[in-house]
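The values are calculated or read from the model by the stated rules, or taken from the named source; none is laboratory data. It should be emphasised that the depicted structure is a prediction, and the values quoted were computed from it without experimental measurement. Reconstructed Cβ throughout: ideal geometry from the backbone, glycine too, with neighbour counts over all protein chains shown. Remember, those area values only see protein heavy atoms, side chains included, never the ligands or the DNA or RNA. Shrake-Rupley method; radii C 1.70, N 1.55, O 1.52, S 1.80 Å.
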Amino acid sequence: NEHQVDKMLNNKHIIKPELQILLHEEMQRVAQSLCIALKDKFWLTDYHCINANKIEIMQIASECGFDIPESQIVNCKADIEAGFVSKSIRDTKPLFWGKREKFGMMYTTEIQKSDIEKLPNFFRPSLTQRKIDKEFELRVFYLCGEMYAMAILSQLDKQTQVDFRVYNNEKPNRYLPYNLNKNDKQKIVRFMNRIKLNCGSIDLIRSKDGRLVFLEVNPTGQFGMTSTPCNYNLHKKIAEKLIEFDKNETIQNC
């Protein structure tokens, strides 16, 4: 089971840190070799574009016409303000801690004055963004120019207001199909073409003042959470797209 393997590789009591690094690098080389062997095939999300830099991506989104949150990278207590949120600079990864090997994720968190008081004067660089007054959140799955958007009504639950991934399993957020307007679609196409992605999931906020604010893009998609609540049947659409390109390639090679 992949989860158990990952848990073992990240447990310093089972495998020493030096060996953990070596094993992770070995797996990366295996994955790279597979990608190279299939380099002439059609890809949904080219493997060269998977490791997107979140800070660079926000700048590109701004150049493509999106609003982006006011953002700062800080390493000094004096530069942190309440009214901002803290979030990871790179993609989040599962974390294990404690004797019971508890499992968790790094979520976007609102910075409180009490949090600032507990910080040392200097610390490792961290990404902070001004908190946006949301109407709702949007997850948009992009597939070769087609867009499938889902509104997430996370603002109706205090537990999920800052980060909808802090799921309330007893009273889940409502997920609804959402129609993007022509201007918003044009921005998304322009942005995805610019970063050379033909597939991926984009996270946005519709602010209470009507702005569409870009947060980030997930190059590997995670389309299931959008497909199921909105009945988009994306598994079938992705399969059809792959079959279509495979047929075209076969015809060209005849």
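Tabulated values for the structure
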quantity: Selection within the range 152-188 - in contact (Cβ under 8 Å) with a residue 40 or more places away in the chain and either surrounded by 15 or more Cβ atoms within 10 Å (Cβ to Cβ) or touching a Cys at 6+ places or on another chain (Cβ under 8 Å) (or both); calculated: Val162, Asp163, Val166, Tyr175, Leu176, Pro177, Tyr178, Leu180, Lys187, Ile188
quantity: Complete set of residues in the range 48-59 that are within 26 Å of Ala31 (Cβ to Cβ) and open to solvent by 20 Å² or more (accessible area, probe 1.4 Å); calculated: His48, Cys49, Ile50, Asn51, Ala52, Asn53, Lys54, Ile55, Glu56
quantity: Tally, over the range 200-209, of residues that are open to solvent by 10 Å² or more (accessible area, probe 1.4 Å) and either within 13 Å of Tyr142 (Cα to Cα) or without any contact (Cβ under 8 Å) to a residue 60 or more places away in the chain (or both); calculated: 1
quantity: Test: residue in the range 234-241 that is touching a residue at least 60 places away in the same chain (Cβ under 8 Å), surrounded by 12 or more Cβ atoms within 10 Å (Cβ to Cβ) and not in a helix (DSSP H, G or I); calculated: no
quantity: Condition check for Phe103: more than 30 Å from Arg190 (Cβ to Cβ), open to solvent by 70 Å² or more (accessible area, probe 1.4 Å) and at pLDDT 90 or above; calculated: no
quantity: Single unsatisfied condition, Ser227 versus (1) open to solvent by 10 Å² or more (accessible area, probe 1.4 Å); (2) of a type in the set (S, T, N, Q); (3) under 17 Å from the mean Cα position of the chain (by Cα); calculated: (1)
quantity: Flag if Leu127 is open to solvent by less than 30 Å² (accessible area, probe 1.4 Å), assigned to a strand (DSSP E or B) and in contact with a Lys or Arg (Cβ under 6 Å, 6 or more places away or on another chain); calculated: yes
quantity: Helices (runs of 4 or more DSSP H) contained in the range 1-89 and holding at least 1 residues at pLDDT below 80 and over 20 Å from the mean Cα position of the chain (by Cα); calculated: 2-9, 17-37
quantity: Residue in the range 183-197 that is in contact with a Phe, Trp or Tyr (Cβ under 9 Å, 6 or more places away or on another chain) and assigned to a strand (DSSP E or B) present; calculated: no
